[in-house]
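S.K.: Structure provided below as structure tokens; questions to follow.
Please treat every number below as a calculation from the coordinates, not as lab data. Model, not experiment: these values are computed from the prediction. Here the Cβ positions follow ideal geometry from the backbone for every residue, glycine too, while neighbour counts run over all protein chains shown.
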Amino acid sequence: MFNQNRIYRVFQLINYLKARPAKSIKNITRFLNTSERTVYRYLDMLSDLGFTIEKDGANRIWITCNHDTLPFTEQESDYLEKLIRSSGKRVKLADSVLQKIHQRSEVNVASKLVFNAHLSLIIEQISLAIIQGRQLLIRNYSSANSQTVTDRIVEPMCFTDNYDSLSAFEIKSKQNKYFNIERMGSVEVLDRKVQYENLHKFYKPDLFGYQGNQVDKEIELDMSLRAYLMMKEEFPMSTHFIRKNPDTDRYHLKCKVQSFQAPGRFVMGFAEDIKILGSKEFIRHIKRIVRNNF
């Protein structure tokens, strides 16, 4: 049973670190309910399995899988294994290659299956709460804003178009918010009817996921390829506002947002890869962050 729990934790960690934003060691420790020493041991193991452990400017962690280390399909793994075994020579190099084939294919496929099943169950429970008009307990929610892992009690309203997020009224803060499905540890439909339906409001989110009726704050960025790829992965809606500079390898983003908070964090995490072109208000916001934290 111990080994099963440990394997499940590794699968949880793989998908937790694939989902944006990047996570601090403290948050990972809380999410897995384990020690920092164990977290570092898991990270070393993921690195040995072929995952690239990335860090931003604040030492927050995420993992990537480069094109040259993409997992093999079941058919590709089977073909390579037969090819190596047919060489007729039993050498350590062959054993090493076979081990890596099994690691990269089975671990990635298994973790993906576990994660997809987990998300499916969460979406099913949320849908039930919406249909029945009941409050919902979100356990171990990893917040991109506060960088904390906490439980939230909400009144769910609806999903975003691609089922990435839930629009809900949070009881404690008395605010309408978006909650990323992949950042939910688990959910529970409570035996309580919604009580604040008159306060429910749905606003279309900006590209960083912030909702509100005043999307009037402008940002303009010049980004490296690395920053562009991370922006596109972490905030998929940003692709509609990004243009490649035909004369350089840089990418240009200009848009209006509800809040400077998320773009500010992103810029600080990739300070060496991003030039801030505007607005003056956003530049002042970044200067305040630097002044208060450095």
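S.K.: Residues in the range 256-280 near a label at residue 220, defined as backbone nitrogen under 14 Å from the 7 Å Cα→Cβ point?
M.R.: Under cut-off, by backbone N: 256, 275-280.
S.K.: Along each of its three principal axes, how wide is the spread of alpha-carbon positions in the range 217-293, in whole angstrom units, largest first?
M.R.: 35, 24, 21 Å, listed from the longest principal axis down.
S.K.: Determine the principal axes of the Cα atoms in the range 119-199, then give the extent along each, sorted from largest to smallest and rounded to whole angstroms.
M.R.: Its Cα atoms span 29, 27, 23 Å along the three principal axes.
S.K.: Sticking with this structure for a sec: Which of 34, 148 comes first, and how do the rest follow, when ranked by fewest Cβ neighbours within 10 Å?
M.R.: Fewest-to-most ranking of 34, 148: 148, 34.
S.K.: Then there is this: How many nm separate the modelled label positions at residue 202 and residue 49, each set 7 Å beyond the Cα in the direction of the Cβ?
M.R.: 3.7
S.K.: With θ set to phi - 60° and the Karplus curve 6.51 cos²θ - 1.76 cosθ + 1.60, what are the ³J(HN,Hα) couplings of the range 219-227 in order, to the nearest whole Hz, using x for Gly and Pro?
M.R.: 10, 9, 10, 10, 10, 6, 4, 4, 5
S.K.: Follow-up. Take the Cβ-Cβ distance between residue 124 and residue 151 as r, set R0 to 22 Å, and report the resulting FRET efficiency rounded to the nearest 0.05.
M.R.: 0.65
S.K.: Among the listed pairs 18/201; 217/275; 244/287; 55/287; 177/204; 217/244, which are separated by more than 20 Å between their Cα atoms?
M.R.: 18/201; 244/287; 55/287; 217/244
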